[in-house]
Structure formats: C-alpha cells, structure tokens
Amino acid sequence: MKTIVAVDRKWGIGKNNGLLFDLKADMRHFVECTRGKTVVMGYNTLLSLPNGMPLKGRENIVLYPDGDDADASSKGYTLVRSLDALLDVLRSKNDAFVIGGAMMYRTMLPYCEEAIVTKVDADGGAAVFFQNLDEVPEWVLTEESEPMRDGDFDIRFCTYKNSSPLPF
C-alpha cells in the first residue's frame, strides 16, 4: 500500500477540511498515480471532494464507523466501519493509495510501503499535519524531482520508502 499527499514546509496538509494550495501540476500527478487504483479515505475527505462524491476511475474505500450503507451504495463507494474491516478489504488490493485525511494518514502510514509526497516550498498556515518523514528512521527519501513551478509555488515530487511496513 502507498500514501499520496501534498505538504507545505512544515508538513502541513490542510485546514478547514480543505487543501492548502490549488496546484494544477500536483493534481495531474495525483490523478496519474491513482487512476485505475484503489483510494482509501476517511469520511471527511469524501465530503471535501467535489459534490461529496467518490473519485471517478478509482475504487473508493471510505472508513466511517457511523456510515450509511444506502449513501455508499447510491454514491458508489465501499463503506467500512472499522480498521479491522478496512485491513480485511485491503488484503485483496494490490494497488491502494491512502489519500487522507489527517487521521487516516496517521492510522495507515505504518502499513504503507511507499509515500508519494509533493513538497510545496511555502507555509500554508495548516491546521493539520502529516508526519515529517525526514525525521522517521524507517522512512527513506529515495527519489526527488527537480523543483518546478506550479502556479505561485515551487514544488518537488518526492518518493519515500518504508523499510518496515506493518503487515495486514
């Protein structure tokens, strides 16, 4: 399993249930990485998507203990109500990406083998943060793009590998 996230200089990821930056190149990168794959998110992340609808062209799995089967069915996502249920579903998925929010990232990061991180050279005034992988011995930066301009910001695409992901 992998995770994909955009972070600011302080590893901030969001505020007010939204992203910190509107980055077209980063969004294209996200789509390229996740299209045709499974994406895993918490319910607030689902609500933050356009019209509160799952992402097209992907299998969407939403962890929400108080979830509504009728809502999941009508919108077309897989609802799981517990971490154990989520891990059971993920055992049969080869290409799954954790896409947020903050609690989902914290919970699932130890199970991830790889993190695809867009680093934005700015302070977005975040209210929620991703774990700083540069400070975690198990996580090693293995690839880093040259800086590129995305709107008003310089960004870099980085790949980190986890040397000891938890089994599930």
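Residue-wise HN-Hα couplings along segment 104-119, as the Karplus relation 6.51 cos²θ - 1.76 cosθ + 1.60 with θ = phi - 60° gives them from phi, are 5, 4, 4, 5, 8, 3, x, 8, 7, 8, 8, 10, 9, 10, 8, 9 Hz; Gly and Pro carry x.
For Asp95, the residues whose modelled amide H falls within less than 5 Å of its own, excluding neighbours fewer than 5 places apart on the same chain, are Thr38.
Counting lysine pairs in segment 2-162 that sit 8 or more residues apart in sequence, or on different chains, and whose Cα atoms lie under 24 Å apart gives 26. What the phi angles of segment 122-129 give under the Karplus curve with 6.51, -1.76 and 1.60, with θ = phi - 60°, is a coupling list of 6, 9, x, x, 5, 9, 10, 10 Hz, glycine and proline written as x. When Cys158, Cys33 are sorted by how many other C-beta atoms sit within 10 angstrom of their C-beta, beginning with the fewest, the order is Cys33, Cys158.
Take the alpha-carbon centre of segment 112-143, take the same for segment 51-73, and report the distance between them in whole Å. Result: 26 Å between the Cα centres. Note on the chain: Rg/Rh from Cα positions, Kirkwood definition for Rh, rounded to two decimals, is 0.95. Karplus-based coupling profile of segment 6-20, in residue order and whole Hz: 10, 10, 8, 4, 9, 6, x, 10, x, 7, 6, 6, x, 6, 7, with θ = phi - 60° in 6.51 cos²θ - 1.76 cosθ + 1.60 and x standing for Gly or Pro.
Since every read-out is calculated from the coordinates, none of them should be taken as a lab result. Everything numeric in this text was worked out from a predicted model, so none of it was measured. Cβ: placed from backbone, ideal geometry, glycine included. Neighbour counts: every protein chain shown.
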